[in-house]
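Presented below is the structure to which this report refers.
The values are calculated or read from the model by the stated rules, or taken from the named source; none is laboratory data. From a predicted model like this one, the values you see are computed outputs, not experimental measurements. Every residue, glycine among them, receives a Cβ derived from its backbone with ideal geometry; neighbour counts consider all protein chains shown.
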Amino acid sequence: MIRFIRNFIKRILNDLFATKGNLKIGLYGPPNSGKTTLANRISKDWLGEKMGAVSKIPHETREVQIKEKIVIQHKSKELTFNLIDTPGIATKIDYEDFMKYKISAKAAKQRAKEATRGVIEAIRWLDDMDCVLVVLDSTLNPFSQVNITIIGNLAARDIPVLIVGNKTDLRKANVKKIENAFPQYDVVGISAEKGKNMEEFYESLFRVIKGR
Amino acid sequence: MLTLQFVPYAEIEHLESDARIGRLLNIVKDNKIVLMQGRLQPEEETLLIQHTMLSIDKKFSGIEICTIFPEERDLQFFNKMRKEMGKMLVGNRDGITIIGPASVVKEIKRDPKKMQLFTITPRFGSRASKRHAARRSSSSSRKTKRRR
């Protein structure tokens, strides 16, 4: 009940003071699901420049990155927002896992240290979001606790969610499984790397923002 | 040896979120797997992740967590209302939550109605086995200190 009242007040205050350009769209998800690849795709599509570095090694993004005033247009509609790319959320970080990617022990320990800080920072940013794109790797089982925790938190905060099933260019991809796991949410399958199905993605984004 | 510790909801319901998380995390850091009645609030789950991240060091690499709870999709209006009232009065005791140290639990696979726990059995002499032994000895020395 208290949460409901808190969210209601927050929504009214947001509606009173928010301007069109202040809309914050966050990218959340587990490590290596392709959040930064999608951020780069959106940024490149509309600003002509990339947003951050991507790598096969988990926790490449260890700090929150912001791209301000992205203006996207779709079917005579326009949307201006700040895109916030967050570090992947995980429940465990072992520096030895990074050493499998031929990183020195010292660099792996440093990466692990920064990654733990990144997870904390990403969670802190949750309250500031107006809309969240939950990016999931569609080749993996969607029933992971991290996915459930992220989506549960967004629901508790009454933040609109669009679930993005990424990596649909891969053979094992199964967007249907994500749809079955989260039937109450909009799910769109894309390949951020190849730019596959981005039209539908932008359409879904407009729909979710409009229903806010 | 694998130790499972059952935590009934009644044991943590009177605690504030921070204390509740602290209690659960302390058990996990003692290399035990927590079997908790009910589930944490979504905000408490993120708090648990944040506390876990702050606790990561040479000996503790994090947790594996999984919650399983009954589906409530097809409940009729009055049943749903009764259930919500029950939750408001006595807390959410539905379902079960498993939290284990990442050094012991490699992965928890979850289907909507099934959980599979994959544990790590370190090979003798391997780096994982040495770390596991170090964690065991540190948790047992902590216990000895407490007894004193």
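Can you report the number of residues in segment B:25-58 which are more than 11 Å from chain A (Cβ to nearest Cβ) and surrounded by fewer than 17 Cβ atoms within 10 Å (Cβ to Cβ)? Spell out the reasoning first.
So the first thing to find is which residues in segment B:25-58 are more than 11 Å from chain A (Cβ to nearest Cβ), and the list is B:25-27, B:29-38.
From what is left, the residues that are surrounded by fewer than 17 Cβ atoms within 10 Å (Cβ to Cβ) are B:26, B:35.
Adding up the residues that qualify gives 2.
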**Item:** Those residues of segment A:112-151 which are among the hydroxyl-bearing types (S, T, Y), more than 25 Å from A:G211 (Cβ to Cβ) and in a helix (DSSP H, G or I), in sequence order
**Value:** A:T116
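Filter segment A:144-178 down to the residues that are hydroxyl-bearing (S, T, Y) and closer than 15 Å to B:R110 by Cβ, then identify the one that is farthest from the other protein chains (Cβ to nearest Cβ).
Taking segment A:144-178 first, the residues hydroxyl-bearing (S, T, Y) are A:144, A:149, A:168.
Cutting the leftovers down to closer than 15 Å to B:R110 by Cβ gives us A:144, A:149.
Values: A:S144: 7, A:T149: 4 Å.
Top of the filtered list is A:S144.
Listed here are the residues, each with its yes/no results for (1) at pLDDT below 75; (2) part of a strand (DSSP E or B); (3) acidic (D, E); (4) surrounded by fewer than 17 Cβ atoms within 10 Å (Cβ to Cβ).
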{"site": "B:C66", "(1), (2), (3), (4)": "no, yes, no, no"}
{"site": "B:K87", "(1), (2), (3), (4)": "yes, no, no, yes"}
{"site": "B:I98", "(1), (2), (3), (4)": "no, yes, no, no"}
{"site": "B:E107", "(1), (2), (3), (4)": "no, yes, yes, yes"}
**Prompt:** Is it true that some residue in segment A:61-76 is touching a residue at least 12 places away in the same chain (Cβ under 8 Å), surrounded by 16 or more Cβ atoms within 10 Å (Cβ to Cβ) and within 14 Å of chain B (Cβ to nearest Cβ)?
**Reply:** yes
**Of all residues in segment B:1-57 being part of a helix (DSSP H, G or I), of a type outside the set (G, A, S) and farther than 20 Å from A:G152 by Cβ, the one that is farthest from the chain's Cα centre (by Cα)** = B:L54
**Request:** For segment A:182-191, indicate whether the set of residues that are within 14 Å of another protein chain (Cβ to nearest Cβ), on the phi < 0 side of the Ramachandran plot and in a helix (DSSP H, G or I) is non-empty.
**Result:** no
**Of all residues making up segment A:77-107, the number that are within 12 Å of another protein chain (Cβ to nearest Cβ) and closer than 17 Å to A:P30 by Cβ** = 10
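For the condition of a type in the set (D, E, K, R) and part of a strand (DSSP E or B), what is the one hit in A:K109, A:K56, A:K44, A:K69?
Numbers: A:K109 fails: part of a strand (DSSP E or B); A:K56 fails: part of a strand (DSSP E or B); A:K44 fails: part of a strand (DSSP E or B).
None of the other options fit; the residue is A:K69.
Tell me, yes or no, whether segment B:9-24 has at least one residue that is buried (at least 18 other Cβ atoms within 10 Å of the Cβ) and in contact (Cβ under 8 Å) with a residue 60 or more places away in the chain. Break it down into steps so the answer makes sense when it comes.
Of segment B:9-24, the ones buried (at least 18 other Cβ atoms within 10 Å of the Cβ) are B:12, B:20-21, B:24.
Those still in the list that are in contact (Cβ under 8 Å) with a residue 60 or more places away in the chain too: B:24.
Yes, the conditions are met somewhere in segment B:9-24.
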